[in-house]
Amino acid sequence: MRRNGRSGRSGDGWRGWLFVLPTLVLLCVFCYYPAAFALRMAFARWDIGGQPQWVGAAHFVTLMRDPVFIAGAKNLLRLLAFALCVGLWMPLLAAELIFHAATERRRYLLRAVFVVPMVVPLIVVWLVWRGIYSDAGAVTAFLELVGKGHWIRGWLSDPDTALGALMFVGFPFVSGFPMLIYYAGLSNISESVLDAARIDGASTLGAFRHVHLPMIRPQVRLLAILTVLGVVQGYEAVYVLTGDGGPGYCTMVPGLYMYQNGFSYGKMGYASAIGLVMFVAILAFTLGVQRYLRGEAEEGRGPR
Amino acid sequence: MSTRLFWLFLVLVTAVGAVVRAAGGGVPAAGEPHPEPTVAPARHLIEITPGIYRPGNVPQSVGEPLRAFRDIADEYERLHPGVSVRFRQAPAVAGGGEGDWLRTQLAGGIAPEIVQINTEVVWQDLDKGWWVNLEPYLAQPNPYVPGNEVWWDCFADIALTKAKRGPDGNLYCIPMDIVETGIFYNKDVFASLGLSPPADWEEFIRIQKTLKDAGYIPLVVNGFTVVCDWTQDIIFDQLFYEILDQIDLEKGSRDEEAYLRGYLAPKELCYLIKRGFFGPDNPRYREVWRIIRDWRPYWSHELANTDMDRLFLTQRGAMYWSGSWFIRRMKNDPYLDFDWGIFYVPPITKATSPYACGAESAVIGGAGNQYSVTNRAVLDGELDIVIDFLRFLTTPESAERLVGEAQMFFPNVKGARMDPELAAFADIFRHRYCTVKWLYSLSQEFNDTHRRWIMYFVNGGFGLDEFLALSDSYMQQAADYYIDKHGYDFSEYDRVMAERGLSGGGR
């Protein structure tokens with residue numbers, strides 16, 4: 001009996017491994033192996049097409065003094081602060097708006113209005129914004145219309161406005177995906193809780209602050225983590241809109257600097273070092289958030 | 001059992017990794033010789049990224065899709081059964097970064113056999129063995145041109161072609177055509193304001209002021225190409241032309257000198273940078289940037305990668321500094337409703353700067369589409385057939401058909417006729433070539449750095465002193481890198497400089 005039972009479990013194990021094996025192999029070949037290779041190359045001078053030479057921590061010492069990387073990191077913090085302050089909360093406002101719509105039909109329509117733009121590829125969105133900022137674009141036309149022609153400038157060329165112009169891309173900052181996450185969270189709040197708040201005389205703002213926000217805290221945290229990941233890793237918008245992170249280093253971000261070092265200058269080792277620093281920063285942030293969440297859950301303060 | 005399974009899994013992953021690595025092929029590392037092809041494949045496949053001439057492409061978004069290159073390839077395939085010519089589209093990359101994509105392809109040994117790319121990008125990676133030196137083949141006859149003894153003789157502008165030789169003295173590209181820049185202007189707007197094309201720089205600036213006062217964008221320019229590349233080269237030439245004989249330290253070969261007379265080669269440029277000729281203390285060099293900064297108010301506000309064509313076509317801009325390629329748009333745009341003309345950048349006189357030479361402005365164009373052969377041709381054992389196809393492409397019939405169809409450039413092949421619409425640009429091209437091409441002379445990193453700080457400077461990020469101090473710093477670094485990379489010895493230049501009584505600074 002025992003032997004049969006053991007062999008049964010063993011057989012299940014084999015079958016289980018066989019099912020996941022293709023995925024695991026592909027993961028190793030396309031995700032873990034390149035990452036491990038890049039980790040090794042971060043400690044080597046490796047010009048693309050050449051032979052790697054071990055340089056120890058030299059890249060990291062250079063990086064800490066590299067004015068381009070430092071400027072990029074500062075820009076990244078500004079972009080991150082903006083994304084967390086605006087990009088995280090505007091979808092919540094939209095979700096609240098939909099949640100409070102009077103009828104299901106209106107809720108459906110509003111959801112569709114916010115979600116449909118998700119089908120537009122981001123590259124198209126960025127190209128549209130490049131047009132908006134051009135001398136023949138909407139911003140110029142609007143300022144001329146309202147008699148403020150003297151305010152017109154090269155929004156992406158002017159060192160004073162380039163980073164701000166980049167942040168403003170995506171206005172009104174209501175992305176479909178976070179809005180849906182928030183809406184799902186709001187929809188999951190028990191009717192009895194909402195009724196209790198109403199009976200206790202909570203205003204709309206009061207209910208938002210004391211009922212909705214605490215109940216959708218997991219969604220806020222999830223989106224905060226995703227926002228940080230997206231902003232730290234992303235450089236495509238900068239690349240499309242300004243080409244090189246200019247003028248000067250006004251719109252440079254570490255991701256773009258990594259790309260330029262790797263593919264424009266062929267310095268794969270240095271690019272790997274930049275990638276490793278970004279990886280460590282993201283890992284530290286994610287672990288920090290997880291630890292915070294675990295602590296909060298253990299204290300029984302937050303929803304589990 | 002589970003431990004055994006885990007180890008089994010690891011062995012499997014390692015095996016798959018090894019297979020994948022082996023399948024990647026043996027790409028020779030830098031300095032290693034290319035492996036000799038062993039067995040010629042039964043069928044020959046030539047892959048090309050043809051640039052603007054890609055079949056199906058609609059340049060400038062007007063006119064019929066191009067098909068000449070496909071027709072020429074079909075003809076070649078008929079002549080050589082077993083050969084297939086396939087066209088690939090290289091990704092369009094912002095900021096002239098087409099080399100980014102290509103480097104990954106070359107490193108993996110999977111680049112197309114023939115690629116269209118500025119040969120200056122090729123020069124950056126000559127030490128990696130990715131590119132085929134075409135000199136030995138150019139010394140042989142082109143069998144498709146009756147009576148031809150050496151392929152060199154097939155080119156219309158041999159001096160220009162030889163001037164594309166890299167720092168090691170070898171040619172790595174076939175310059176198919178010639179491109180030149182010029183200033184398109186709206187004749188209707190000019191007539192309404194009583195303006196005509198300028199004779200000198202001072203008049204040019206006055207015209208721009210008039211246009212600005214009338215509510216037009218006086219001159220539409222693209223920041224990446226026009227401001228950071230062309231503008232710098234032309235104004236630098238105007239201000240340094242008078243002392244060119246003194247600072248030109250090494251003559252090129254007789255062939256090249258016909259085209260590049262007095263041109264500062266990278267080695268000369270490095271030497272002059274290290275001797276402080278282009279630093280903040282050189283008043284002549286300061287003037288270059290003072291003139292550029294003073295010119296800025298007359299350009300479009302936005303310089304970063306916007307649709308400059310549209311500003312001119314919709315008549316918001318009265319002048320547009322573009323190139324011969326824009327002729328196609330101007331000739332074929334069905335919505336164009338104004339008369340237009342072309343003139344070239346007028347000379348700067350001493351009324352603007354005491355260092356101005358007042359001579360006819362130099363040109364900054366030259367070779368347009370340049371076809372280079374990659375290591376893939378060697379690895380696949382297709383080099384001979386690839387070279388043969390390029391020879392077929394450089395017959396007068398092929399070149400005229402290919403270049404003429406696009407209506408953007410003039411052919412660099414002897415006997416191939418130019419589209420008469422491009423005559424104005426052919427006239428401009430007869431000017432002498434500029435003193436130096438600042439971008440493309442040193443490293444890609446220098447190009448990017450210089451470009452970003454020029455943009456910062458012209459857009460008011462900092463003043464002239466700060467810009468010159470900063471540019472001197474990164475120019476010194478770029479020169480050091482280049483000198484180290486090529487192992488330059490400057491003792492001969494020091495001797496020449498001493499003979500000429502120049503101590504540095506170019507004053």
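Every number here is computed from the coordinates shown, using simple stated rules; none is lab data. Just so it is clear, the model here is predicted, and its values are computed rather than measured. Note that each Cβ is placed from the backbone with ideal geometry, even for glycine, and that neighbours are counted across all protein chains shown.
I need two numbers for region A:58-299: Rg to one decimal and Dmax as a whole number, Cα atoms only, in Å.
Here Rg and the maximum Cα pair distance are 21.3, 66 Å.
If I stretch the segment between residue B:423 and residue B:489 completely, what's the gain in nm (0.36 nm per residue apart, minus their alpha carbon distance), one decimal? Spell out each step's value before the answer.
Numbers: separation 66, 0.36 × 66 = 23.76 nm, distance 4.40 nm.
Full extension of this stretch gives 19.4 nm more.
Could you give each residue of region B:312-320 its phi-based ³J(HN,Hα) in whole Hz, using Karplus coefficients 6.51, -1.76, 1.60 with θ = phi - 60°, and x for Gly or Pro?
Using θ = phi - 60°, the values come out as 7, 5, 8, 6, 6, x, 8, 9, 9 Hz.
Order by neighbour count: B:134, A:24, fewest other Cβ atoms within 10 Å first, most last.
Numbers: B:134 20, A:24 15.
In order of increasing Cβ crowding within 10 Å: A:24, B:134.
Please state the charge dipole magnitude for chain B, taken about the Cα centre, from unit charges on C-beta atoms (+1 on K and R, -1 on D and E), reported in debye and rounded to the nearest 20.
Working: 49 positive and 68 negative charges, 169 e Å.
I would put it at about 820 debye.
Using the count of nearby Cβ atoms within 10 Å as a rough guide to exposure, how do B:421, B:149, B:64 rank from fewest to most? Don't skip to the answer; put the middle values down first.
Values: B:421 14, B:149 11, B:64 8.
So the ranking, lowest neighbour count to highest, is B:64, B:149, B:421.
Take every Cα pair under 8 Å in chain B that's 6+ residues apart, average their separations, divide by the length, and report that relative contact order as a whole percent. Don't jump to the answer; show the numbers that get you there.
On the way: 823 pairs, mean separation 127.3, N = 507.
Rounded, it is 25 percent for chain B.
So what is the relative contact order for region A:58-299, in percent, with contacts set as C-alpha pairs under 8 Å and at least six apart?
Values: 223 pairs, mean separation 71.3, N = 242.
Over region A:58-299, the number comes to 29 percent.
Among the helices of chain B (complete DSSP H runs), which have Cα atoms covering no less than 20 Å along the helix axis and a Kyte-Doolittle mean of at least 1.0? Mind showing how you got there, number by number?
Numbers: long enough: B:2-23 (31 Å, 1.66); B:444-458 (21 Å, -0.86); B:464-486 (32 Å, -0.48).
Span-like helices, by this rule, are B:2-23.
Roughly speaking, what is the centre-to-centre gap between region B:84-153 and region A:157-181 when only Cα atoms are used, to the nearest Å?
After rounding, the separation between the Cα centres reads 41 Å.
How would you classify region A:7-114 from its alpha-carbon gyration tensor, with a ≥ b ≥ c the square roots of the eigenvalues: rounded for a/c under 1.5, else prolate if a/b is greater than b/c, otherwise oblate? Don't skip to the answer; put the middle values down first.
Details: a/c = 3.86, a/b = 1.23, b/c = 3.14.
Oblate, because a/c is 1.5 or more while a/b does not exceed b/c.
Please give, to one decimal in nm, the separation of the simple spin-label points placed at residue B:480 and residue B:462, each 7 Å out from Cα toward the Cβ.
So the two model labels end up 1.8 nm from each other.
Among bridges DSSP assigns within chain B, what percent are antiparallel (round to 5)?
On the way: 20 of 32 bridges.
The antiparallel proportion sits near 60 percent.
From the backbone phi of region B:424-431, what are the Karplus-calculated ³J(HN,Hα) couplings (6.51 cos²θ - 1.76 cosθ + 1.60, θ = phi - 60°) in whole Hz, Gly and Pro given as x?
Ordered by residue, 3J(HN,Hα) equals 4, 6, 4, 5, 4, 4, 6, 4 Hz.
Once you put a point 7 Å from the Cα of residue A:152 and another 7 Å from the Cα of residue B:242, both along the Cβ direction, what distance in nm separates them?
3.9 nm
Need the list of lysines near residue B:162 for cross-linking: C-alpha distance under 26 angstrom, and skip anything on the same chain fewer than eight residues off.
B:128, B:251, B:267, B:414, B:437, B:485
Name the long-range amide H neighbours of residue B:317: under 5 Å, sequence gap of 5 or more, or other chain; modelled H, no Pro or chain starts.
So residue B:317 has HN proximity to B:217, B:312.
What nm value, rounded to one decimal, do you get for the distance between residue B:315 and residue A:193 when each label is placed 7 Å out toward the C-beta?
Between residue B:315 and residue A:193, the label points sit 6.4 nm apart.
Taking amide hydrogens as modeled 1.01 Å from N in the peptide plane, which residues meet the under 5 Å criterion relative to residue B:155, leaving out close sequence neighbours?
Counting only residues 5 or more places away or on other chains, the set is B:414.
Suppose every K and R has +1 on its Cβ and every D and E has -1 on its Cβ; what is the size of the dipole of chain A about the Cα centre, in Debye to the nearest 20? Let's see the in-between values first.
Numbers: 26 positive and 17 negative charges, 236 e Å.
So the magnitude is around 1140 debye.
With a 10 Å Cβ neighbour count serving as the proxy for reagent exposure, in which order, fewest first, do A:111, B:430 appear? Don't skip to the end; give the middle numbers.
Numbers: A:111 18, B:430 9.
With the fewest neighbours first, A:111, B:430 line up as B:430, A:111.
Can you give the Rg to Rh ratio for region B:198-351, taking only C-alpha atoms and Rh from Kirkwood? Can you show the working numbers first?
Details: Rg = 18.1 Å, Rh = 17.7 Å.
Radius of gyration relative to Kirkwood radius: 1.02.
Give a residue-ordered list of calculated ³J(HN,Hα) values for region B:361-369 (Karplus: 6.51 cos²θ - 1.76 cosθ + 1.60, θ = phi - 60°; whole Hz; x for Gly, Pro).
Each residue of region B:361-369 in turn: 5, 6, 9, 10, x, x, 5, x, 6 Hz.
Would you mind telling me the antiparallel percentage of the DSSP bridges in the protein assembly as shown, rounded to 5? Kindly include the intermediate steps, with their values, before the conclusion.
Numbers: 23 of 35 bridges.
Antiparallel bridges make up about 65 percent of those DSSP assigns within the protein assembly as shown.
Considering every residue in B:133-142, what mean count of other chain Cβ atoms within 10 Å of its Cβ is obtained?
Details: counts 0, 0, 0, 0, 0, 0, 0, 0, 0, 0.
If you average over the peptide's residues, the count of other-chain Cβ atoms is 0.
Per residue of chain A, what 222 nm ellipticity follows from adding -39500 (n - 2.57) for every DSSP H run with n ≥ 4, rounded to the nearest 500?
Mean residue ellipticity, 222 nm, calculated: -20000 deg cm²/dmol.
If amide hydrogens are placed 1.01 Å from N in the peptide plane, which non-local residues have theirs closer than 5 Å to the one on residue B:44?
Answer set, sorted by chain and number: B:83, B:84.
Provide, for q = 0.08, 0.09, 0.11 Å⁻¹, the log10 of I(q)/I(0) from a solvent-free Debye sum over equal Cα point scatterers in the protein assembly as shown.
For the requested q values the scattering log ratios are -0.84, -1.03, -1.42.
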